[in-house]
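**Student:** Got a structure for you, written out below as structure tokens; questions coming shortly.
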Amino acid sequence: MEPTPTSSGERLNRFLARSGVSSRRGAEEIMAAGQVTVNDVVVREPGAKIDPETDVVEVDGVRVGVATGRMYVMLNKPTGYVSTLSDPQGRKTIAELMPATDRRLFNIGRLDMDTTGLLMLTDDGELAHRLMHPKYHVSKEYLATVYGRPAEETLQLIRDGIELDDGPTAPAEISIDRPGDTTSVVRLVIREGRKRQVRRMLGAVGHRVLALHRVRFGPITLGDLPFGMTRELTPQETAALIENAGLGRMR
């Protein structure tokens, strides 16, 4: 039995995301690498349709199905860890900090190795796809320690959006949290996810970032969770995260 070639059924990349294998983008990557088969046939086209009830989907020879429950975890990432599960350069990864579980958890977005704070982990691929998609404008809040004390005119430049080498940024929220003569702490909220965006924005207006810490992702706040520790979200936090992703009630 080959994958359903008609317009009926479910897109394979979405099925893999729902199964907890990876995010939808990650599913497309493993499909392109030839790791996914449907009824023993390698399928590389992410838009291929399947019947989840009858088709046998395998990743690297292991059958996958849609999980009956989901796991949502927050991690307070310390500095010095990369936000991947393995690293060819041998650096420390967040896999060393993840909770002991038989679930295939993956992170929602990334933090730079030298950035600390809130990182979300889940086996809910559809939620991860939504939260990382620019369409949903999920807000991320950071505390940045910078050289000097930004003037009000400088803060307004960031609020209005500034030009970076990959294009103008969207308007952001920024305020001085703790002013100082040598260094200051600013609080910044963005709704984009470009590489090293906060550091580049502040550097572009003359205030190099010395330390960067994420304290909120969408409706989820880090609170007093210690560095290197994880905890599962409460049902209330999970419901808020799902609603923020535009997925309605808890599934």
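**Student:** Test each condition in (1) within 30 Å of residue 11 (Cβ to Cβ); (2) buried (at least 21 other Cβ atoms within 10 Å of the Cβ) for residue 174 and report the one that comes out false.
**Tutor:** Failed condition: (1).
**Student:** Determine whether the stretch 218-233 contains at least one residue that is touching a Ser or Thr at 6+ places or on another chain (Cβ under 8 Å) and closer than 22 Å to residue 133 by Cβ. Before the answer, list the steps.
**Tutor:** First, the residues of the stretch 218-233 that are touching a Ser or Thr at 6+ places or on another chain (Cβ under 8 Å): 218, 227.
Restricting the remaining residues to those that are closer than 22 Å to residue 133 by Cβ gives 218.
Among the residues of the stretch 218-233, at least one is touching a Ser or Thr at 6+ places or on another chain (Cβ under 8 Å) and closer than 22 Å to residue 133 by Cβ, which makes the answer yes.
**Student:** Criterion first (at pLDDT below 90 and hydrophobic (A, V, I, L, M, F, W, C)) does residue 211 satisfy it? Quick ask: steps written out before the conclusion?
**Tutor:** Working: at pLDDT below 90: no; hydrophobic (A, V, I, L, M, F, W, C): yes.
In short, no.
**Student:** Could you tell me which residue of the stretch 40-70 is modelled with the highest pLDDT, considering only residues that are basic (Lys, Arg) and surrounded by 15 or more Cβ atoms within 10 Å (Cβ to Cβ)? Full working, then the answer.
**Tutor:** Narrowing the stretch 40-70 to residues basic (Lys, Arg): 44, 49, 63, 70.
Among the residues that remain, those that are also surrounded by 15 or more Cβ atoms within 10 Å (Cβ to Cβ) are: 49, 70.
Details: 49: 90, 70: 82.
Ranking the qualifying residues of the stretch 40-70, first place goes to 49.
**Student:** Go through the stretch 94-112 and give me each residue that's over 14 Å from the mean Cα position of the chain (by Cα) and surrounded by 16 or more Cβ atoms within 10 Å (Cβ to Cβ). First the steps, then the outcome.
**Tutor:** Filtering the stretch 94-112 for residues over 14 Å from the mean Cα position of the chain (by Cα) gives 95-104.
Of everything in the stretch 94-112, those that are over 14 Å from the mean Cα position of the chain (by Cα) and surrounded by 16 or more Cβ atoms within 10 Å (Cβ to Cβ) turn out to be 97, 98, 103, 104.
**Student:** Return the residues of the stretch 225-245 that are among the small types (Gly, Ala, Ser), touching a residue at least 24 places away in the same chain (Cβ under 8 Å) and either more than 25 Å from residue 169 (Cβ to Cβ) or surrounded by fewer than 13 Cβ atoms within 10 Å (Cβ to Cβ) (or both); say none if nothing qualifies.
**Tutor:** Residues of the stretch 225-245 among the small types (Gly, Ala, Ser): 228, 239-240, 245.
Adding the requirement that they be touching a residue at least 24 places away in the same chain (Cβ under 8 Å) leaves 228, 245.
Residue satisfying the conditions is 228 alone.
**Student:** Something else: Can you pull out every residue in the stretch 164-207 that is of a type in the set (Lys, Arg) and modelled with pLDDT under 95?
**Tutor:** The answer is 191, 194, 195, 196.
**Student:** Filter the stretch 113-140 down to residues that are at pLDDT 90 or above and aliphatic (A, V, I, L, M) and give me whichever is surrounded by the fewest Cβ atoms within 10 Å (Cβ to Cβ). Outline the logic, then answer.
**Tutor:** Of all residues in the stretch 113-140, those at pLDDT 90 or above come to 113-122, 139-140.
Of the ones still in play, those that are also aliphatic (A, V, I, L, M) are 113, 118-121.
Numbers: 113: 17, 118: 23, 119: 24, 120: 21, 121: 23.
Checking each candidate, the answer is 113.
**Student:** Sticking with this one: Which members of the stretch 102-154 meet the condition of being over 16 Å from residue 230 (Cβ atoms), of a type in the set (D, E, K, R) and free of Cβ contacts under 8 Å to residues at least 24 places away in the same chain?
**Tutor:** 135, 152, 153
**Student:** Taking the criterion of being surrounded by fewer than 23 Cβ atoms within 10 Å (Cβ to Cβ), modelled with pLDDT of 85 or more and in contact with an Asp or Glu (Cβ under 6 Å, 6 or more places away or on another chain), would at least one residue in the stretch 86-93 satisfy it? Full working, then the answer.
**Tutor:** First pass over the stretch 86-93, keeping only residues surrounded by fewer than 23 Cβ atoms within 10 Å (Cβ to Cβ): 86-93.
From what is left, the residues that are modelled with pLDDT of 85 or more are 86-93.
Still in the running and in contact with an Asp or Glu (Cβ under 6 Å, 6 or more places away or on another chain): 93.
Scanning the stretch 86-93 turns up at least one residue that is surrounded by fewer than 23 Cβ atoms within 10 Å (Cβ to Cβ), modelled with pLDDT of 85 or more and in contact with an Asp or Glu (Cβ under 6 Å, 6 or more places away or on another chain).
**Student:** Counting only residues that are among the aliphatic types (A, V, I, L, M) and in contact with a helix residue (DSSP H, G or I) (Cβ under 8 Å, 6 or more places away or on another chain), which one in the stretch 196-224 is surrounded by the fewest Cβ atoms within 10 Å (Cβ to Cβ)?
**Tutor:** Restricting to residues being among the aliphatic types (A, V, I, L, M) and in contact with a helix residue (DSSP H, G or I) (Cβ under 8 Å, 6 or more places away or on another chain), the top hit is 205.
**Student:** Which of the residues that make up the stretch 28-61 are within 18 Å of residue 130 (Cβ to Cβ) and either touching a Gly at 6+ places or on another chain (Cβ under 7 Å) or not in a helix (DSSP H, G or I) (or both)?
**Tutor:** The answer is 46, and nothing else.
Residues are listed down the side, and each one gets a yes or a no for (1) more than 20 Å from residue 212 (Cβ to Cβ); (2) assigned by TED's automatic domain parsing to the domain that holds residue 201; (3) hydrophobic (A, V, I, L, M, F, W, C); (4) not in a strand (DSSP E or B):
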site	(1), (2), (3), (4)
80	no, no, no, yes
90	yes, no, no, yes
99	yes, no, no, yes
103	yes, no, no, yes
119	no, no, yes, no
128	yes, no, yes, yes
143	no, yes, yes, no
153	yes, yes, no, yes
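The values are calculated or read from the model by the stated rules, or taken from the named source; none is laboratory data. Given the structure is predicted, the values throughout are model-derived calculations rather than measurements. All Cβ positions, even for glycine, are placed from backbone atoms using ideal geometry, and neighbour counts span all protein chains on display.
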